[in-house]
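*Asks:* Right, I'll just put the structure down here and ask away after.
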Amino acid sequence: MTALTRSAGILLHPTSLPGPGGIGSLGAEANAFADMLSAGGLQLWQILPLGPTGYGDSPYAALSALAGNPLLIALEPLRDQGLLSDADLRALPGFSTPSVDYGLVVTGKMGVLRRAFGRVGSLDRVPGIERFRAENRDWLEDFVLYMAIKDEHGGAPWSQWEPALRSREPAALDAARERLRQDIDLHIWLQYVFAEQWGALKRYVNERGIRIIGDIPIFVAYDSADVWANQAVFRLTPTGEPEVVAGVPPDYFSPTGQLWGNPHYRWDTMERDGFAWWVERFRAAMRQVDIVRIDHFRGFAAAWAVPYGHSTAEHGQWEPSPGQALFRALVQHLPELAVIAEDLGVITPDVVALREEFGFPGMQVLQFAFDAGPWGTALPYTYGANTVVYTGTHDNDTVLGWFSSLPDDQRDYVLSYVGTQGTDIAWDMIRLAFASAAVMAVVPLQDVLRLGSGARMNTPGTSYGNWQWRFVPGQIGQEQLRTLWRWAEIFGRAPAP
């Protein structure tokens, strides 16, 4: 296992970067953000899952756990290669649109990417693409076929395809490969371009002493290449429907729980081949990022299972998971694995024991710290070193929005704890995170920018209006960067001199 070092950083998904095309990308603005992190003495950039998003635009319900999102491809390099014109780029939404309109982006940007691929001519003319195909064959061939068939069916989920395609009858798959060859080649090329651009960005970031924290959701989307291509390892009925789906019971975020809809795994089947699917998933993640945050870690001890068809998550039950055997296999195959365990929510002793057995740092969120007043067990003074502290996550309101919604007595206690009048509460909380004993402190960019609830990234339990926030050029000033650097130095989180 790779040890974590005392440091600080920013949580920002690439979709939230500024830039042309109506959505953030892996281009010059991503490099500029890395430069900004470096100028602030920050050594961490945390992102959300990078997979291609489907219905609802959530990166936690991607069409593949291993593929990249083509919407993040920077178009300027394709223009510089002669595959696009300036007119192609001008046809897309502007540089500083303050939110992502996924309907416009999907239609517009995918249209431009198809135009660029049309000018490629043939995959044989793309240097390095055969090596890319060979290195990623285990997942790539199924994914691109899935995407081509999905396109042919107007985006319909695989459960609505013809029975022969749903059940992956070899003759039907062969016929689809022949019939959809051009569309398959398009998706191969898109994945190649994404991988090349992400690899270049990661090198740029790492050269500046910054590590990228990625994200692995425990579950995958039902409508995904992962489930369609690996049906035997998911709990599906003979007709392909889920037996049970994932979620969490009623909690802080929702009085009826959260019904995610992801199918559960056939853990016994996975265990028989040494968790090969999981090993490949983590291996691919560690090629993309430096540290992996495991979302919903408690599900590796026991996961909430709701019978398929229920409209809320209230009527589920906890079902055990073989987390100990899984993580032993992962550590054996990936000794350099660096992990953060998202252990929020209903945490029982078996979850704590699983995390501690492997030495994974857990998470603390400052917005949850003050609920019980002075008798709370999650106040910052209680944090151990093997902890990663956040002012909030992608699922939380911004600090400003959270603080303004608190009842008076709780707001007073927060101010007593931080020792200020609350006129700059977002930065009060950033300082509190930096000052804590936690090995890492991570802050959403919205809190650095002192933004209110309108900049929230996601509201759990809702299907629309999420994942859209972007920042615009000029929002981050030099004084903010100087303050971050000074605090990083004061609290031992700055780069070594």
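The values are calculated or read from the model by the stated rules, or taken from the named source; none is laboratory data. A quick note: this is a predicted structure, and the numbers were derived from the prediction, not measured. Quick reminder, even Gly has a Cβ in these numbers, built from the backbone with ideal geometry, and neighbours come from all protein chains shown.
*Asks:* Would you please name the residue that is farthest from the chain's Cα centre (by Cα), looking only at residues in the stretch 123-158 that are surrounded by 15 or more Cβ atoms within 10 Å (Cβ to Cβ) and not in a helix (DSSP H, G or I)?
*Replies:* Among them, the one singled out is Val126.
*Asks:* Could you tell me how many of the residues in the stretch 13-42 are hydroxyl-bearing (Ser, Thr, Tyr) and in contact with an Asp or Glu (Cβ under 8 Å, 6 or more places away or on another chain)?
*Replies:* First, pick out the residues of the stretch 13-42 that are hydroxyl-bearing (Ser, Thr, Tyr): 15-16, 25, 38.
From what is left, the residues that are in contact with an Asp or Glu (Cβ under 8 Å, 6 or more places away or on another chain) are none.
Qualifying residue count, the stretch 13-42: 0.
*Asks:* Go over the candidates Val245, Val306, Val289 one by one and state the one that is in contact with a Phe, Trp or Tyr (Cβ under 6 Å, 6 or more places away or on another chain) and crowded, with 21+ Cβ neighbours inside 10 Å.
*Replies:* Numbers: Val306 fails: in contact with a Phe, Trp or Tyr (Cβ under 6 Å, 6 or more places away or on another chain); Val289 fails: in contact with a Phe, Trp or Tyr (Cβ under 6 Å, 6 or more places away or on another chain).
Answer to the selection: Val245.
Quick grid of which residues meet (1) crowded, with 19+ Cβ neighbours inside 10 Å; (2) more than 29 Å from Asn386 (Cβ to Cβ):
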{"site": "Phe33", "(1), (2)": "yes, no"}
{"site": "Gln46", "(1), (2)": "yes, no"}
{"site": "Asp57", "(1), (2)": "yes, yes"}
{"site": "Arg90", "(1), (2)": "no, yes"}
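*Asks:* Separate question: Return yes when Pro14 is in contact (Cβ under 8 Å) with a residue 60 or more places away in the chain, under 27 Å from Ile476 (Cα atoms) and of a type outside the set (Lys, Arg) and no when it is not.
*Replies:* Details: in contact (Cβ under 8 Å) with a residue 60 or more places away in the chain: no; under 27 Å from Ile476 (Cα atoms): yes; of a type outside the set (Lys, Arg): yes.
Against the criterion (in contact (Cβ under 8 Å) with a residue 60 or more places away in the chain, under 27 Å from Ile476 (Cα atoms) and of a type outside the set (Lys, Arg)), Pro14 does not qualify.
*Asks:* Is it true that some residue in the stretch 386-405 is farther than 17 Å from Asp343 by Cβ, modelled with pLDDT of 95 or more and surrounded by fewer than 18 Cβ atoms within 10 Å (Cβ to Cβ)? If you could, list the steps in order and put the result at the bottom.
*Replies:* Just the residues of the stretch 386-405 that are farther than 17 Å from Asp343 by Cβ, to begin with: 391, 397-405.
After this cut, where a residue has to be modelled with pLDDT of 95 or more as well, the list is 391, 397-405.
Next, from what is left, pick out any that are surrounded by fewer than 18 Cβ atoms within 10 Å (Cβ to Cβ): 404-405.
Yes.
*Asks:* For the stretch 327-343, enumerate the residues that are within 26 Å of Val389 (Cα to Cα) and in contact (Cβ under 8 Å) with a residue 40 or more places away in the chain.
*Replies:* Answer for the stretch 327-343, where residues must be within 26 Å of Val389 (Cα to Cα) and in contact (Cβ under 8 Å) with a residue 40 or more places away in the chain: Leu330, Val331, Leu334, Pro335, Glu336, Leu337, Ala338, Val339, Ile340, Ala341, Glu342, Asp343.
*Asks:* Look at the stretch 446-492 and say how many of its residues are over 30 Å from Pro255 (Cα atoms) and either assigned to a strand (DSSP E or B) or of a type in the set (Phe, Trp, Tyr) (or both).
*Replies:* Looking only at that region, the number is 4.
*Asks:* Strands (runs of 3 or more DSSP E) wholly in the stretch 269-330 with at least 1 residues that are farther than 24 Å from Asp138 by Cβ - which ones? Break it down into steps so the answer makes sense when it comes.
*Replies:* On the way: elements: 291-295, 302-307, 317-320.
Where strands (runs of 3 or more DSSP E) fall fully within the stretch 269-330 and carry at least 1 residues being farther than 24 Å from Asp138 by Cβ, they are 302-307, 317-320.
*Asks:* In the stretch 412-445, what residues are more than 25 Å from the chain's Cα centre (by Cα), within 30 Å of Thr2 (Cα to Cα) and outside any loop (DSSP other than H, G, I, E, B)?
*Replies:* Within the stretch 412-445, Arg431, Leu432, Ala435 qualify.
*Asks:* Scan the stretch 348-377 for residues that are assigned to a loop (DSSP other than H, G, I, E, B) and touching a strand residue (DSSP E or B) at 6+ places or on another chain (Cβ under 7 Å) and jot them down.
*Replies:* Phe360, Pro361
*Asks:* It is to be established whether one or more residues within the stretch 37-52 are among the aromatic types (Phe, Trp, Tyr) and at pLDDT 95 or above. Walk me through how you get there before you give the answer.
*Replies:* Taking the stretch 37-52 and keeping what is among the aromatic types (Phe, Trp, Tyr), we get 45.
Filter once more, keeping what is at pLDDT 95 or above: 45.
Yes, the stretch 37-52 contains a residue that is among the aromatic types (Phe, Trp, Tyr) and at pLDDT 95 or above.
*Asks:* Does any residue in the stretch 424-436 that is closer than 16 Å to Leu481 by Cβ and in contact (Cβ under 8 Å) with a residue 60 or more places away in the chain come within less than 8 Å, Cβ to Cβ, of a residue that is among the β-branched types (Val, Ile, Thr) and in a helix (DSSP H, G or I) six or more places away or on a different chain, and which pairs are these?
*Replies:* Every condition considered, the pairs that remain are Phe434/Ile490.
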